[in-house]
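Beneath this line is the structure, given in C-alpha cells, with notes to follow.
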Amino acid sequence: MARITLPDGSVLEVADGATLRQVAERIGPGLAKAALVGRIDGKLVDLSCSVQDGAQVQIITAKDAEGLDAMRHSCAHVMAEAICRIWPQTRLVYGPTVEDGFYYDIDLDEPIRPDDFARIEAEMAEIAKADQPFVRQEMGRNEALAKLAGDKYKTDNIQRVDSEVISFYSHGDGFQDLCRGPHVPSTGKVGAFKVMSVAGAYWHGDATQKMLQRVYGTAWPTKKELDEHLNRLEEAKRRDHRVLGRQLDLFSFSEMGPGFAFMHPKGMVIWNEIVGFLGGLNRKYRYKEIKTPIILNEELWRRSGHWDHYKENMYFSEIDGVGYAIKPMNCPGGCLVYGTTKHSYREFPMRIAEFGMVHRHEASGVMHGLFRVRQFTQDDAHIFCMPDQIEAEIIGVINLIFETYRSFGFSDFAIELSTKPINHIGSDEIWDTATDALKAALAHKEIQYKINEGDGAFYGPKIDFHIRDCLKRSWQVGTIQLDFSMPQRFELVYTAEDNTEKVPVMIHRAVLGSFERFMGILIEHYGGAMPVWLSPEQARVLPISEKTSDYGRAVQRRLFEAGVRCGADLSDEKIGAKIAKTHGEKVPYMLVVGPKEAESDTVSVRVRGSQDSRTMPVGQFLETATRKIADKDLGVEF
C-alpha cells in the first residue's frame, strides 16, 4: 500500500501504483466525476499518472484555475481536430490558452470565415460526444524530431522546449499533436464551447513570416456559464467606451494624431475630478508634487537605461544639433529634481508625485481607444528612502491604492509580484534584496498574490494591482516598483546619520497608471452612467413649458452657485422628450418644474434609471445632492 497526503493534511492509503483517477474514486464519486487533472508533489499531471508512497496529491476540477485551463487547452485540441477534418490540408502551429478561452494558430491557404464557425462547432460536438480518451506518449528529442521531420512548425516547437523528453497527445481516430499537457481524461470533458473569432497572426510575431490564421474559442464547465460569458461580451459591446465617448461627447480621436486623445469639455470634467481626487490623496499621504519637462536630452535616457532597454518605444527630436527624446517615463526627471540639492536622512522618506504626460510609440494595430494610446498622463510618484523604511513605505502605498480603488467603486483586487527579467540592470544581490522587501510588505498586509517570474521592470521587481469590473474583467492598473539601480546611475546620495554619503532607495509607484486608460475603464464599468461626483452634468432642470422657464433658470442658478453641475433644457420639446433625452445622456438627476413647483419653490426629482418621481423643496434636494457629491457616494438614489 502507498500512503499519500491530501491538501487538507490527511493521509490516504491506496494500492501501490494507483492512478490519480483511482485516488479520486477513493475520496468520493462526486470528486471522481468532476476530476480533470491533478498534482503530484506540486507538478500538474494527467489523472492517468500513478502516485508513489509519500506523495503530496491534489485532485483538480473545473472549479480550480488549473482545471479550467486544462479543460480549455483540451478543447483547443478538439477544435484543431475539427478544423483538420473539415480542411485536411491544415498545418497546425500551436494552440495555447488565454483568458476565458484559447486559440489555435494554423497554416491554411483557404480563409476561415465566421460563416464556418457553426461547421467547426458541429464537428467539435461530434468529437466531444465520442468521449475518446486523451493519451500521452513520450519520446526522446531526436526521435520526436525524426517523427515530425518536414513539419517546420512542430520541429521549431520541439527546439524551443528545454527538455530531452518530448510528449504528444492523441485522441480519437489517429489525431495526435505535440503538447506538454496535461489534458482532461477524455474529449467528453471539454465543457461547453464556442468558436469566437478568427484573425491574422504572424509566426512568432515576425512580420517577415507567412501570415497564419488564429482561430479563437472559449470553453466553460457548463452551458449556463458559457451563456453568461457570452452575455457579458454582449454587455461589454454596449459599454464600449469608444462608442459611449462619442455618444456622451466625452472625447474623440483624429487622423491628424492617431493614438492621441482629444478631451472634450464633458470629458475634462471627469478628468479633473480624477486628478483632484488623486491630488487630495497625495496631500493626505504627505506627497509633494512636481512637474518635469516633456523633452529631455538624449544623454539623460542613456544614463537612465531607457536608451538600451526602451529605445524602440520612444520618440526623438533634435534641437540645435543635439539629440533629445520625448519622455516615455517620468522617473529620470524626478531623479534630476532630487539631485538639485543636498539631502539628509532627516528628510526621508521623501515622497515626490507628478501627474506627468508621457509619449510611447505604439504600433497602429494595437491602439484601442483610451486603453492604448501614444500620449497619456501617469499618476506617478517616486519615494526616496532608506533601506529600513522600504517596508513601511510600500505598506503606505498599498493603503493609498486600496483607498483609491474603493472610492471609484472597485473592491475586487488581484495582486501580482513580478521578478527579475532576463533583460535587466543591477546585480543579482540588489534584485534579491528588492524582491524580499516587496514580499515582506505583502506578508505584513496578509495579501495573497501571484508570482510572475521574470516579468519585472528592467530596473527592479514590482507589485502590480489588478481590479475587476462589473463584467468580471480584470484590468492591470497600479504598480509599485522597487529600484536600487537608477539612484546609482544618477549618483543620488543623502547624508546618513553617521555623516557618510549613501545612495537612497527609489520606489516608483502609480495608482491608476494612466488617467486616460482609467477613464476608459470607468466609462465601461458604469456604462457611462457615472456616480454623481464624477458626472459631467449632475442635474438638469426640465421646465414643463415656457411658462416655467424663468423658474427653471432660477433653480439652475441656485444649484450652480452651490457647486452642483446643473444644466437646463429650455427647448420647446415636450417634457417626455426632454426626460428621454436626459436619460440617454445619463444625467443622474432630472428636476421637472411646472406651475405647481414654481409656486411652492419645489422640484419634481426623477432619478436616472427610474420612472418614479418625488417632489421636494429645492433646498432639500440641494442638501442631499451636495452631501452625495462631497461624500463621493457611488449611488444616485435618494
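The values are calculated or read from the model by the stated rules, or taken from the named source; none is laboratory data. Predicted, not measured: the structure shown is a model, and the values here were computed from it. Every residue, glycine as well, gets a Cβ built from its backbone with ideal geometry; the counts of neighbours run over all protein chains shown.
Could you list all residues from the range 254-278 that are among the hydrophobic types (A, V, I, L, M, F, W, C) and either under 25 Å from residue 353 (Cα atoms) or touching a residue at least 12 places away in the same chain (Cβ under 8 Å) (or both)? It would help to see each step written out before you state the result.
Applying the first criterion (among the hydrophobic types (A, V, I, L, M, F, W, C)) to the range 254-278 yields 256, 260-263, 268-271, 274-275, 277-278.
The answer is 260, 261, 262, 263, 268, 269, 270, 271, 274, 275, 277, 278.
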Checklist entry - Is it true that some residue in the range 435-450 is surrounded by fewer than 19 Cβ atoms within 10 Å (Cβ to Cβ), farther than 18 Å from residue 401 by Cα and among the aromatic types (Phe, Trp, Tyr)? => result no
Checklist entry - Within the range 519-536, is even one residue surrounded by fewer than 21 Cβ atoms within 10 Å (Cβ to Cβ), assigned to a strand (DSSP E or B) and of a type outside the set (S, T, N, Q)? => result no
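Here is a yes/no grid of residues against (1) in contact with a His (Cβ under 6 Å, 6 or more places away or on another chain); (2) crowded, with 18+ Cβ neighbours inside 10 Å; (3) over 20 Å from residue 127 (Cβ atoms):
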{"site": "10", "(1), (2), (3)": "no, no, yes"}
{"site": "20", "(1), (2), (3)": "no, yes, yes"}
{"site": "33", "(1), (2), (3)": "no, no, yes"}
{"site": "37", "(1), (2), (3)": "no, yes, no"}
{"site": "95", "(1), (2), (3)": "no, yes, no"}
Checklist entry - Can you tell me which residues in the range 417-432 are surrounded by 14 or more Cβ atoms within 10 Å (Cβ to Cβ) and either in contact with a helix residue (DSSP H, G or I) (Cβ under 8 Å, 6 or more places away or on another chain) or within 18 Å of residue 398 (Cα to Cα) (or both)? => result 417, 418, 419, 420, 424, 425, 426, 430
Item to check | Inter-residue pairs, beta-carbon under 7 Å, first under 30 Å from residue 310 (Cα atoms) and in the range 399-423, second in a loop (DSSP other than H, G, I, E, B) and at pLDDT 95 or above, 6+ apart | outcome: 400/285; 400/511; 401/511; 404/511
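Quick check on the range 56-76: of everything there that is aliphatic (A, V, I, L, M) and crowded, with 17+ Cβ neighbours inside 10 Å, which residue is nearest to the chain's Cα centre (by Cα)?
Residues of the range 56-76 aliphatic (A, V, I, L, M): 57, 59-60, 62, 65, 68, 70-71, 76.
Next, from what is left, pick out any that are crowded, with 17+ Cβ neighbours inside 10 Å: 57, 59-60, 62, 68, 70-71, 76.
Numbers: 57: 33, 59: 30, 60: 26, 62: 23, 68: 20, 70: 22, 71: 23, 76: 24 Å.
Checked the range 56-76; the qualifying residue nearest to the chain's Cα centre (by Cα) is 68.
Would you check if residue 540 is modelled with pLDDT of 95 or more, in the same structural domain as residue 431 (by TED's automatic domain parsing), crowded, with 23+ Cβ neighbours inside 10 Å and in contact with a helix residue (DSSP H, G or I) (Cβ under 9 Å, 6 or more places away or on another chain)? Can you show your working first?
Working: modelled with pLDDT of 95 or more: yes; in the same structural domain as residue 431 (by TED's automatic domain parsing): no; crowded, with 23+ Cβ neighbours inside 10 Å: yes; in contact with a helix residue (DSSP H, G or I) (Cβ under 9 Å, 6 or more places away or on another chain): yes.
So residue 540 fails the test.
For residue 274, are the conditions met, namely being closer than 24 Å to residue 518 by Cα, touching a Pro at 6+ places or on another chain (Cβ under 7 Å) and assigned to a helix (DSSP H, G or I)? Even if it seems obvious, please write down each step before you answer.
Values: closer than 24 Å to residue 518 by Cα: yes; touching a Pro at 6+ places or on another chain (Cβ under 7 Å): no; assigned to a helix (DSSP H, G or I): yes.
The answer is no for residue 274.
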Checklist entry - Are there any pairs with C-beta distances below 8 angstrom linking a residue in the range 453-472 that is among the aliphatic types (A, V, I, L, M) to a residue that is assigned to a loop (DSSP other than H, G, I, E, B), with the two at least 6 apart or on different chains, and if so which? => result 457/421; 463/449; 467/410; 467/412; 471/239
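With the condition kept exactly as written, say whether any residue in the range 613-631 is assigned to a loop (DSSP other than H, G, I, E, B) and farther than 21 Å from residue 536 by Cα.
First, the residues of the range 613-631 that are assigned to a loop (DSSP other than H, G, I, E, B): none.
Checked against the condition, which is being assigned to a loop (DSSP other than H, G, I, E, B) and farther than 21 Å from residue 536 by Cα, the range 613-631 yields no hits at all.
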Checklist entry - Just checking, how many residues over the range 200-243 are of a type outside the set (Gly, Ala, Ser), in contact (Cβ under 8 Å) with a residue 40 or more places away in the chain and assigned to a helix (DSSP H, G or I)? => result 7
Item to check | Residue match in the range 169-189 (condition: farther than 27 Å from residue 38 by Cβ and not in a loop (DSSP other than H, G, I, E, B)) | outcome: no
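Taking the condition outside the structural domain of residue 110 (by TED's automatic domain parsing) and over 25 Å from the mean Cα position of the chain (by Cα), does residue 255 pass?
Values: outside the structural domain of residue 110 (by TED's automatic domain parsing): yes; over 25 Å from the mean Cα position of the chain (by Cα): yes.
Yes: the conditions hold for residue 255.
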Checklist entry - Just checking, how many residues over the range 580-605 are buried (at least 22 other Cβ atoms within 10 Å of the Cβ) and under 24 Å from residue 250 (Cα atoms)? => result 6
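Condition test on residue 451, is it modelled with pLDDT of 95 or more and over 22 Å from residue 303 (Cα atoms)?
no
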Checklist outcome for this item: Per the list (1) surrounded by fewer than 16 Cβ atoms within 10 Å (Cβ to Cβ); (2) in contact with a strand residue (DSSP E or B) (Cβ under 9 Å, 6 or more places away or on another chain); (3) under 30 Å from residue 300 (Cβ atoms); (4) without any contact (Cβ under 8 Å) to a residue 60 or more places away in the chain, residue check on residue 557 breaks on (3)
